[in-house]
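Read through the structure below, which is laid out as structure tokens, and then see the notes.
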Amino acid sequence: MPKVAVLPGDGIGPEVIGAALAVLREVAPDLSLEECRIGGCAYDAEGDPFPPSTQAALVEADAALLGTVGGAPDSPWNRLPRPQRPESGLLRLREHLGVFANLRPVQVMPGLEHLSPLRPEIAAGVDLLIVRELLGGAYFDPRRERGEEAAFNTIGYTRAEIERVGEHAFRAAQERRGAVTSVDKANVLEVSELWRDTVTAQARAFPGVTLNHEYVDSVATLLVTQPERYDVLLTENLFGDILSDLAAVLPGSLGLMPSASLGAGTGLYEPIHGSAPDIAGQGVANPCGTILSAAMLLRYSLGRSAEADRVEAAVRTALREQPTRDLGGTASTQELTAAVLRAL
Ligand code: NAI
Ligand code: MG
């Protein structure tokens with residue numbers, strides 16, 4: 001019986017996780033779902049935003065489904081020393097699981113083109129997957145220094161680090177439209193030359209997938225003018241951070257966007273939005289980002305693609321029937337969730 005660690009967290013986290021659990025119980029009733037604490041609520045209960053009890057539960061888990069962490073701007077959590085704040089719990093969780101590949105699908109669903117800031121005919125073409133390297137590059141390179149008048153960071157990658165995230169991009173492309181665009185700045189950066197060489201060599205093992213290379217600055221433009229060019233975008237950590245936030249505005253609501261973070265072992269699945277303290281407790285949060293994260297969990301950690309497809313189709317149907325407030329509708333979290341369950 002596959003085990004899923006469920007971490008609702010703070011703010012709207014428990015509300016959107018409640019919706020995703022209802023869906024998982026419907027499509028995968030054999031799963032063992034174990035709830036554990038993370039973030040501010042974990043600090044309040046156990047004095048640690050990533051407590052030992054949660055770490056112990058993760059040892060047994062095949063996958064982890066996370067809600068959101070963090071408090072309102074005036075929350076007492078924000079006055080704690082940084083390692084005890086809710087957000088540190090999440091960063092420690094990601095590092096603990098060694099999740100080096102962050103997958104973010106970005107799609108404008110049919111019928112929801114009007115929410116996108118893009119013109120409808122351009123919005124209709126948005127259906128891409130960003131695969132971002134998550135544990136390397138400038139953010140983790142130990143070669144760094146901060147002086148009074150000068151400072152530097154270093155973007156270092158090894159061939160092995162590039163290959164392990166590249167593998168995720170090529171495999172994902174095989175399941176999609178078969179095109180990987182590798183993002184770099186090989187015209188000025190040596191590390192991008194290695195990135196490009198490594199990915200080019202790796203592509204030979206995936207004959208059904210076409211690979212092309214684009215410079216990151218060009219991708220930033222084309223992502224909003226010709227998004228239909230892209231199927232899978234493969235990128236290093238810093239470029240991916242920026243491009244994935246840019247891409248996140250394309251569907252028009254943060255509440256729609258799921259993500260998966262994968263490594264050697266337990267995968268981590270979470271919506272990309274935060275704890276939305278302004279609407280927490282009101283029952284109006286859009287649960288789709290979390291439900292779609294649960295679908296990614298079924299697909300990537302449990303190999304249940306058919307169930308994942310069913311959930312994604314049900315979400316599309318439900319969104320047309322019962323849109324939440326962030327989508328210009330009036331449905332509550334529960335009403336949208338009920339519509340998803342009906343569509344299943
Ligand atoms: P946020 O994503 O929580 O909220 C931004 C805006 O989007 C708000 O108006 C909110 O109501 C709305 N929104 C977000 N998710 C929604 C949903 N599912 N349905 C409907 N509306 C939704 O970002 P913000 O306000 O910057 O951060 C709030 C807290 O969340 C902070 O404590 C921050 O540190 C934390 N945070 C946590 C993240 C995580 O758990 N992965 C990620 C980002 C922020
Ligand atoms: Mg970011």
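Quick look at the numbers
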{"quantity": "Simple Cβ-charge dipole of the chain, Lys/Arg +1 and Asp/Glu -1, about Cα centre, in debye nearest 20", "calculated": "440 debye"}
{"quantity": "Farthest positive-ward along the chain dipole, Cα basis, beta-carbon charges - from ALA295, THR54, ASN153", "calculated": "ALA295"}
{"quantity": "Of MET109, MET296, MET257, the one that fluctuates the most in a GNM where the chain has Cα springs shorter than 10 Å", "calculated": "MET109"}
{"quantity": "Sorted by Cβ density within 10 Å, fewest first, the residues LEU262, LEU297", "calculated": "LEU262, LEU297"}
{"quantity": "Pairwise label distance in nanometres, GLN282 with THR200, each label 7 Å out on the Cα-Cβ vector", "calculated": "5.3 nm"}
{"quantity": "Charge dipole (debye, nearest 20) of region 207-319; +1 at Cβ of Lys and Arg, -1 at Cβ of Asp and Glu", "calculated": "400 debye"}
{"quantity": "Ordering of 184-193, 231-240 by packing [mean C-beta count within 10 Å, highest first]", "calculated": "231-240, 184-193"}
{"quantity": "Charge dipole of the chain about the Cα centre (unit charges at C-beta), most positive-ward option of SER332, GLY13, ILE272", "calculated": "SER332"}
{"quantity": "11 Å beta-carbon shell around ARG342, net charge (K/R +1, D/E -1)", "calculated": "-3"}
{"quantity": "Selected from PRO142, THR221, LEU211, residue furthest toward positive end of dipole (region 127-249; charges at beta carbon)", "calculated": "LEU211"}
{"quantity": "Label point distance in nm, ASN153-VAL224, each placed 7 Å from Cα along Cα→Cβ", "calculated": "2.2 nm"}
{"quantity": "Burial ranking of peptide ranges 155-161, 274-280 (average Cβ count within 10 Å, highest at the top)", "calculated": "274-280, 155-161"}
{"quantity": "Stretch gain in nm, segment ARG171-GLN55, where the contour uses 0.36 nm per residue and the Cα spacing is subtracted", "calculated": "38.8 nm"}
{"quantity": "Student exercise, region 127-249 dipole from Lys, Arg, Asp, Glu Cβ charges, in Debye to nearest 20", "calculated": "380 debye"}
{"quantity": "Pairwise centroid distance, computed over Cα atoms, of region 269-344 with region 79-151, Å", "calculated": "20 Å"}
{"quantity": "Ordering of 95-106, 52-63, 126-137, 298-309 by packing [mean C-beta count within 10 Å, highest first]", "calculated": "126-137, 95-106, 298-309, 52-63"}
{"quantity": "Cα gyration tensor shape of region 262-343, rounded if a/c is under 1.5, else prolate or oblate by comparing a/b with b/c", "calculated": "oblate"}
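Bear in mind that the values in this text are calculations on the coordinates, not laboratory data. Just so you know, these numbers come straight off a predicted model, no measurement behind them. Don't worry about glycine lacking a Cβ; one is built from the backbone with ideal geometry, like all the others, and counts go over all protein chains shown.
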